[in-house]
């Protein structure tokens, strides 16, 4: 019995290590081309609005195709679906580097939006394999390695893009990374060895309907009277952050006339600061021991984020921008984590999953809206104006957190 348990434990460890590697390579591959995509479209003659539409289509498809891929993996199996989606991504990225047709690029972008759900499937494999009480640490390590991939990817992609036909080479390397990931996926154990499939007779359509029904139920089960503030904060925060992220490559090129290599450096720098911010989050929280409601931290870092947007908009040179990236990254990291802490503090453990799912849907909606909105504004007022757009939602976060802070204080005084 001991040998059998020990054998399963070794299989579990090797499988989780494979998941870590797949997660890292996935965001490494995405990080290679992500910073180049908008500039590549602009060089082919696309307007800012069209660039924004492409990004919005991708985010919108990610929002709706997530449950579809999840339901498909429930029916067909994680390993099988992962291999199919990785193969489609590899082929699509190969074609991306060979075409100069904007229409073809948009169609390929649609394929990416539907199929690029490696992170979702990796999380599903972890949930199949690891007991619920141990999943948080595994998810955290997987997220950290994924973030590392997104630091290395832009750095290498920026260098490759500087050579002649650079985008073609970058797309080729991205396709190769997906093929390597496909090879790693084939090493995952068979489905029957890591989970108990009880519904082998369930049809694909039934599985997809079940996943969409689950998403709708998650949203319906939320007590919006209790959680409206945390959801609104996360929506506004994501809206503000995406004003920067969905435009950073074009903004850096058009305002500071940077090469793609240096844009890659800055994106990697931002990712590095974000990673270190997450590591030092406990030290930051130690300064707010009396902030049981979370609103003091949310108010301070919303104010910091708004100030950063204003300073970035008026930044005279790239050196000042790099300095501003440090507080900007710290503020975005703290707001992301503390807004989730606020949400979970108001719920019991039985609703944690539904709250997390609904929160992801709300943030995906912000990611869908922002690129199109900022694209239209860039065409009307130039790309340099988009940082002013980020001031509005982040400023609303400041007023909302200040209002809630005073409201909670008044409520506590009345209850004394």
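Odds and ends about this structure:
- Enumerated helices (runs of 4 or more DSSP H) restricted to the stretch 245-316, each holding at least 1 residues that are out of contact with any strand residue (DSSP E or B) (no Cβ under 7 Å at 6 or more places or on another chain), at pLDDT 90 or above and more than 30 Å from residue 142 (Cα to Cα): 248-256, 295-313
So that you can scan it fast, the table gives a plain yes or no per residue for (1) buried (at least 23 other Cβ atoms within 10 Å of the Cβ); (2) over 20 Å from residue 147 (Cα atoms); (3) assigned by TED's automatic domain parsing to the domain that holds residue 130; (4) touching a helix residue (DSSP H, G or I) at 6+ places or on another chain (Cβ under 9 Å):
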| site | (1), (2), (3), (4) |
| --- | --- |
| 13 | no, yes, yes, no |
| 17 | no, no, yes, no |
| 21 | no, no, yes, yes |
| 39 | no, yes, yes, yes |
| 56 | no, yes, yes, yes |
| 61 | no, yes, yes, yes |
| 69 | yes, yes, yes, yes |
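- Qualifying residue in the stretch 179-200 (condition: within 30 Å of residue 385 (Cβ to Cβ) and either in a helix (DSSP H, G or I) or at pLDDT 85 or above (or both)): no
- When 357, 353 are checked against the criterion of being over 21 Å from residue 56 (Cβ atoms), at pLDDT below 90 and surrounded by 15 or more Cβ atoms within 10 Å (Cβ to Cβ), 357 stands alone in meeting it.
- Filter pass, residue 156 being over 21 Å from residue 244 (Cβ atoms) and in contact with a helix residue (DSSP H, G or I) (Cβ under 7 Å, 6 or more places away or on another chain): yes
- Subset of the stretch 381-412 [within 22 Å of residue 331 (Cα to Cα), more than 27 Å from the chain's Cα centre (by Cα) and surrounded by fewer than 18 Cβ atoms within 10 Å (Cβ to Cβ)]: 402, 403, 405, 406
The values are calculated or read from the model by the stated rules, or taken from the named source; none is laboratory data. In this text, all values refer to a predicted model and were calculated from it rather than measured experimentally. Note that each Cβ is placed from the backbone with ideal geometry, even for glycine, and that neighbours are counted across all protein chains shown.
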